[in-house]
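Here's the structure we're looking at; comments come further down.
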C-alpha cells in the first residue's frame, strides 16, 4: 500500500511558532566522531528571503548550502517546506554550538534555536560510510504496542502495530509477509478505512508513523502466552552522500524486512477465593436484567421472557443464566441476540436470551429471581447481581385439576400439554372410487414404447462418436478442466463479495488458473514480472497486463490491508474484463 506520498513530505515538528510560521534547525545527530560528517537543515514552512546562516564555529563546511522545496496536499490541507542544507566536518574534539540563523518571512525576521553538538574521538565505522541497509535499520521501526502485559484470564487487551519512519528516508510501498497468529486468544480486528500518517517520537527522536493494524485480544488460557510478530517487506528511498547537478540529495531505493518482535503476555488466572457457584466465566463490568413483555394474559397466549446482560467485557464468551419456571408454563428454546461493538478497549453492548412462554391454565405464576456473577478486573473482585421476581397473571383459560399456581422446577424447554383434541384433523371416511379395467396390450402406449428404442439407436451412435472425439483430445480436455476451475473460483469470489479474505483468495486462484489453462504453465511458481513477460510475448495489450498484475497485487495486499465492499465489486468486474480481453487476444 502506497502511503499517498506523505512520507515524501511530512509536517515538521515546531520549535518556534509565530502566526503559523515555523523556522528551525535540525541536526542529523547530536554526537559524532571527529572522522564523521554532520548534516544541518534549516527548515521553514513558508517561503522567505535573506537567509543568514551561522558561522559554524568548530566545523568546516564540506558542502552547501543546498536548497530543496517540497509541497503536497494531505487530507485536503496544503503542506509546504523549504530547506537549506549544509554538510559539515568537525575540525577538533569538544562541545560546540550551532548558533542561530535568521530568515525574513512576510517582512518579519525569524530566528532558529541554537543546537549543541559533541565531537568525540574517531569512530571505527563513520556514519558517512554506512551502507543503505545500515541507514534503513536506524530509521525504520515496526512496533507492537500492547495495552496491558499482565491481564486476567478473559480480560481485554489491545495490540496496535505502528510503523515509525524517520524524516530522513521515504517509504513508497509495503506489503505484509507474515501476519501474527493469536494462539490461545479470542481475537477481533478493528477495521479502519485508510492509513493516517501522524507525527510522533521514537526513543526521543522526531518520527512519522502510521497505524497498520489494531486488534483486541481476550486471553483464553492462564500463564505465559506469546503474540507472534508481524513482518513487512518495505520499499524505501534512502539518501546518499551524492548530489545531483542542482545540489539536491540523490536517493537510492532498497527493500527492507521489518518485524515487530514477539511479545509475551503474562495472563493471571481468576482467583479461586470468593468465586460464586454460578460463575460462568464473565469478566468485565456488567448490569443484569430479567424482564417480561407482559405480566397479564390469557391461556394459550404467549409472552417473551428476556434474560439480558449489558456492559463492557467478554460479552460473547460466557453463558447467560437460565430461568427456572413453573411446570404449567410451556417454555421454548431461547433465541440468542447479540448487540455488541468492539473497540480498542474491548467489547461493549448487550447479549440476551429471549424465551417464548405460553401458559396452559389460568392462575398466577412467578418467574423466580435468578443470579448472575462476574469478575471485575478493575476491583479484582467477584460480584453477583440478582434479578427481581416477576409474577405472571393468566386471567382466562382452563383450570388445571390438581395443579396449583405454586412454582415447580422445570427445564428451559417443555413438551406441549395436550387437550385431547389433537387428532381431530384425521378423516375416518374416504371418498375413493374404483378405476375401470383397461387392456395395455395392443394399445397406442404399447406401440409407442415398442418403437422408441429403435428411434434412439441413431442418436446414441452420434453421441458415442462425439464422446470418443472429446475423450481423445487430451490437451483440449486439460484446457476445459482448467477453464471450468477458473470459472468455479470466479463464481466463488462472486459469492464471497463482502467477505474480504475469502473473496481475494478465490479471485487470486481464478486468475492463476485462467493463465494455467491458456498458457499451459504453472503461474503460481512465477513472479508478477515473469507473468508480465509471458503475456507480453503473446502480444497482450500493455494496459491489460497492468490491470492483471494490479489485481494480483490487490489479492496480496487484501490479506492485511482494509478493502471496502465497493473495492471488491470493482476488482471482480475488472477481473471479468481482463480475462475477457486476454481471451480475445489469445
Study note, to complete from the structure: Checking 497, 515 in turn, the sole residue that is within 30 Å of residue 179 (Cα to Cα), part of a loop (DSSP other than H, G, I, E, B) and modelled with pLDDT of 75 or more turns out to be 497
Practice item. Mind counting the residues in region 150-162 that are under 22 Å from the mean Cα position of the chain (by Cα) and over 18 Å from residue 191 (Cβ atoms)? Key: 3
Review point. Taking into account only those residues within region 341-361 that are free of Cβ contacts under 8 Å to residues at least 40 places away in the same chain and either surrounded by 15 or more Cβ atoms within 10 Å (Cβ to Cβ) or not assigned by TED's automatic domain parsing to the domain that holds residue 294 (or both), which is nearest to residue 211 (Cα to Cα)?
Key: 348
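Table: residues versus (1) in contact with a strand residue (DSSP E or B) (Cβ under 8 Å, 6 or more places away or on another chain); (2) under 16 Å from residue 557 (Cα atoms); (3) assigned by TED's automatic domain parsing to the domain that holds residue 313; (4) in a strand (DSSP E or B).
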site	(1), (2), (3), (4)
176	yes, yes, no, yes
180	yes, yes, no, no
188	yes, no, no, yes
191	no, yes, no, no
200	yes, no, no, yes
**Study point:** Index of the failed condition, residue 467 passing every other in (1) modelled with pLDDT of 75 or more; (2) over 22 Å from residue 565 (Cα atoms); (3) in contact with a helix residue (DSSP H, G or I) (Cβ under 9 Å, 6 or more places away or on another chain)
**Key:** (3)
Review point. Residue check, residue 280 against (1) more than 30 Å from residue 160 (Cβ to Cβ); (2) free of Cβ contacts under 8 Å to residues at least 24 places away in the same chain, all met but one. Which one?
Key: (2)
**Study point:** From 147, 112, residue being modelled with pLDDT of 80 or more and either touching a helix residue (DSSP H, G or I) at 6+ places or on another chain (Cβ under 7 Å) or in the same structural domain as residue 216 (by TED's automatic domain parsing) (or both)
**Key:** 147
Study note, to complete from the structure: Restricted to region 250-292 and to residues being modelled with pLDDT under 90 and surrounded by 15 or more Cβ atoms within 10 Å (Cβ to Cβ), the residue nearest to residue 375 (Cα to Cα) is 263
Practice item. Hey, can you tell me all the residues within region 30-54 that are modelled with pLDDT of 85 or more, closer than 14 Å to residue 96 by Cβ and in a loop (DSSP other than H, G, I, E, B)? Key: 30, 54
Point to revise | Hey, residue 507 within 27 Å of residue 567 (Cα to Cα), touching a helix residue (DSSP H, G or I) at 6+ places or on another chain (Cβ under 8 Å), in a helix (DSSP H, G or I) and at pLDDT 70 or above or not | key: yes
Exercise for review: Evaluate the following for residue 297: is it assigned by TED's automatic domain parsing to the domain that holds residue 350, over 30 Å from residue 395 (Cα atoms) and either out of contact with any strand residue (DSSP E or B) (no Cβ under 9 Å at 6 or more places or on another chain) or crowded, with 16+ Cβ neighbours inside 10 Å (or both)?
Suggested key: no
Practice item. Please work out which residue is surrounded by the fewest Cβ atoms within 10 Å (Cβ to Cβ), limiting yourself to region 55-71 and to residues that are without any contact (Cβ under 8 Å) to a residue 60 or more places away in the chain and closer than 15 Å to residue 116 by Cβ. Key: 57
Check your understanding: Which one of these does residue 145 not meet: (1) closer than 14 Å to residue 260 by Cα; (2) in contact (Cβ under 8 Å) with a residue 40 or more places away in the chain?
Key -> (2)
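The values are calculated or read from the model by the stated rules, or taken from the named source; none is laboratory data. Please read all numbers here as calculations on a predicted model, not as lab measurements. Reconstructed Cβ throughout: ideal geometry from the backbone, glycine too, with neighbour counts over all protein chains shown.
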